[in-house]
Amino acid sequence: MKRWIAGIMLAALTAAGTELLPFLPPGITPAHQWPPELASQAEQRKKELLALPLESVTFNKKLIPASGDIHDYISRGRYWWPNPDTPNGLPYIRRDGHSNPEVALGDNPKLARLHLNLRKLGHYYYCTRDPEIAAQAVAMLRCWFIDPATRMNPNMRYSQEIPGVCDGRIDTGLIDSYQLISVLDAVYMLGDAPELTTEDRAALRQWFREFLGYLRSPEVRAAAEKMPNNIGAAYRGQLIAFGFFAGEKEIAADGVRLLREAIDRQIRRDGAMPHELARTRSLDYSTYAFSIFVKGASYARHCGEDLFRGRLLQTAKFLLPYMGRDAREWPHPQFQAPGNHAMFREAVTILALQVPESGLVRKLDRLHTPQADSEFYRIFLEDAVEKMRQETSTDKKGAGK
């Protein structure tokens, strides 16, 4: 087993003054300040963030899981539609890439809002250390994970259900719970905020420990390990990130091993991912799967394992020429304009920072478009990229003398 990075795991969440951002390369600690272009918006942003509502799987429940328990998460399969050939529309049929508006009936939109809003609150708190913002983030965490009246049961048994087909899919549904890694990112951004008490931290660790029990149940694990696509990568990334957070280092190490195997199995030597290329929105799915691998590899790096070199690097080089260009130039199915620009830019930038000798940092300018801009990039990545560019330029000048 690779060496576990000493003393940084749970201590980072509890020791005053300790900062850990496992979604970034080790050693990169961005300044606690708003980028100039965001500073003028800070007061208005604070008002908007403090007005964000709490989210819970128990609120306004429109779909009831087969268990009858409103604390169980439930979502509807995104690409499944009523059958036009039957009077009652059952069983639903699949139309890959075409999202059914009925997805809005389930808990997935609530979870999406939760992780996006917590990320925004995390950004703001990281830059300002504003206690009101921390309190708002903590209220959201308590509502979803801790308070008995509103907490989500730590399982995904009823995610991605299909009317007339199944009550849930334990394999495909794991893509829903992948969003929980962003929730943990926000917790790390809160750092040692006193508003997130010792009891809160212990309760969150316990929730994720129980969720790991679900992920590692024989039925779920067997189904997940057979998924040769972005869902399989998402499962492995969750084992790493949740194991790391919960202090279950053997589980995290197991996830690292599985992710390493998935990289070799799912990515060709040229960087292409065949199972993503087969989709009707293959560029979107390729960039999405790439970002999932990078996120998992980021957490793996903090567990002492470097998964960035090799095929992940090749995937970035495989996809980069097609970003910011007409989708018709992409030689695989993509029936609409791609929409993962910001996600891809963040992922390829983290890869460039992790592998400075790759030269990727010199290719990031092609990703500098309005669609690819993000607050996360400006706060956590921009300065590090600029520093690397300066160092690269200095090295070149020195070599030319």
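Across every direction, the projection of the convex hull enclosing the Cα atoms of the chain has a mean area of 21.2 nm².
A dipole drawn for the chain from +1 and -1 charges on Cβ atoms has a positive end, and of P36, L259, P218 the residue lying farthest that way is L259.
Please compute the net charge surrounding L118, taking Lys and Arg as +1 and Asp and Glu as -1 over other residues with Cβ under 11 Å from its Cβ.
Spelling it out: positives minus negatives among the neighbours equals +1.
Given +1 on the Cβ of Lys and Arg, -1 on the Cβ of Asp and Glu, and no further charges, what dipole in debye does the chain carry about its Cα centre, rounded to the nearest 20?
Taking the Cα centre of the chain as origin, the dipole is about 1020 debye.
Shown in residue order for segment 215-229 are the 3J(HN,Hα) couplings computed by the Karplus curve 6.51 cos²θ - 1.76 cosθ + 1.60 at θ = phi - 60°: 4, 9, 4, x, 5, 5, 4, 4, 5, 5, 5, 8, 7, x, 9 Hz (x for Gly and Pro). When the pairs K62/K120; K249/K387; K110/K317 are compared against a 31 Å limit on Cα-Cα distance, K249/K387; K110/K317 fall above it.
With all protein chains kept in place, the per residue accessible area of the chain amounts to 42 square angstrom at a probe of 1.4 angstrom. Our note on the geometry: Cα centres of segment 166-199 and segment 50-66, 16 Å apart.
Taking all protein chains in place and a 1.4 Å probe, what share, in percent, of the accessible surface of segment 14-141 do carbon and sulfur account for?
56
Among H123, H98, H275, H71, the sequence by solvent-accessible area, most first, with a 1.4 Å probe is H275, H98, H71, H123. Model label sites at R94 and A278, defined 7 Å from Cα along the beta-carbon direction, differ in position by 0.9 nm.
Placing dummy labels 7 Å off each Cα toward the beta-carbon, the span from E261 to H332 is 2.4 nm. Could you compute the net charge surrounding Y235? Neighbours are other residues with a C-beta less than 11 Å from the C-beta of Y235; K and R count +1, D and E count -1. Net local charge, Y235 excluded: +2. What separates the Cα centres of segment 265-283 and segment 119-134 is a distance of 37 Å. Taking amide H as placed 1.01 Å from N in the peptide plane, S75 has its amide H under 5 Å from the amide H of D107, S159, Q160, E161, each at least 5 places away in sequence or on another chain. Taking I350, I231, I64 in turn, the Gaussian network model of the chain (Cα-Cα springs below 10 Å) assigns the largest fluctuation to I64. Dipole of the chain computed with +1 at Lys/Arg Cβ and -1 at Asp/Glu Cβ about the Cα centre; of F242, A316, T58, farthest Cα towards the positive end is A316.
If I model a spin label as a point 7 Å beyond the Cα along the Cα-Cβ vector, how far apart are those points for E19 and E195 in nm? Modelled inter-label distance: 1.8 nm.
Computed from the Cβ-Cβ distance with R0 of 60 Å, the FRET efficiency linking K46 to N83 stands at 0.80. Taking the protein heavy atoms of segment 153-207 in the context of the full set of protein chains, the accessible area attributed to carbon and sulfur is 47 percent at 1.4 Å.
The values are calculated or read from the model by the stated rules, or taken from the named source; none is laboratory data. This one's a predicted model, so the numbers in the text were calculated from it and none came from an experiment. Neighbour counts run over all protein chains shown; Cβ positions are idealised from the backbone, glycine included. Heads up: the accessible areas ignore ligands, DNA and RNA and are worked out on the full protein's heavy atoms, side chains in. Shrake-Rupley method; radii C 1.70, N 1.55, O 1.52, S 1.80 Å.
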